[in-house]
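Only one structure is covered here, and it is reproduced in the block below.
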Amino acid sequence: VRRLRDAGSALVLVLGDPRYYGRHGFVPVGPAGPQPPYAIEMPEAWQVRELEAGALARAEGMVRCAESLEDPAHW
């Protein structure tokens, strides 16, 4: 997270266990935020952490992943 902030990223999105990521400042994205590229079984696992105040309110649309993560099997 520190490296992403230092590189100028405004948000970090993860797909993972809310109990783990919640301890590190991540919260569920919800239906109004950036959407994952595929349907996921546990919507609460799609999480975000703002690195810049107000960044989530400005984010919209669907996330596009690196090609190596585009396979729906990863989601």
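Values quoted throughout were computed directly from the atomic coordinates according to the rules given, and no laboratory measurement underlies them. Remember, predicted model here, so these are calculated numbers, not experimental data. Counting neighbours? That spans all protein chains shown, and the Cβs are built from the backbone with ideal geometry, glycine included.
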- Task: Can you figure out the FRET efficiency of Ala66 with Ala32, using R₀ = 30 Å and their beta-carbon distance, to the nearest 0.05?
- Result: 0.75
- Message: Can you pull out the trypsin sites (Lys or Arg not before Pro) in the range 21-75 whose DSSP state is coil and whose Cβ has at most 10 other Cβ atoms within 10 Å?
- Response: Arg23, Arg64
- Item | the chain: relative contact order as a whole-number percent, Cα under 8 Å and 6+ apart | 36
- Note on the structure: To the nearest 20 debye, the range 8-75 has a Cα-centred charge dipole, built from +1 on Lys and Arg Cβ and -1 on Asp and Glu Cβ, of 240
- Note on the structure: Given a Förster distance of 35 Å, the FRET efficiency implied by the Cβ-Cβ spacing of Ala73 and Ala10, rounded to the nearest 0.05, works out to 0.75
- Rounded, prolate or oblate: pick one for the chain, where a ≥ b ≥ c are the square roots of the eigenvalues of its C-alpha gyration tensor, a/c under 1.5 means rounded, and failing that, prolate if a/b is larger than b/c, else oblate. rounded
- What residue among Gly16, Gly30, Gly54 shows peak mean-square fluctuation when the chain is described by a Gaussian network model with Cα springs under 10 Å? Gly54
- Message: With a cap of 13 neighbouring Cβ atoms within 10 Å, and only residues DSSP puts in a loop, list the GluC sites (Glu not before Pro) found in the range 27-67.
- Response: Glu41, Glu52, Glu60
- Task: Between Glu44 and Asp17, with labels modelled 7 Å along Cα→Cβ, what's the label distance in nm to one decimal, could you check?
- Result: 1.4
- Query: Among Ala59, Tyr20, His74, whose Cα lies farthest out toward the positive end of the dipole of the chain, if unit charges sit on the beta carbon of Lys, Arg (+1) and Asp, Glu (-1)?
  - Reply: Tyr20
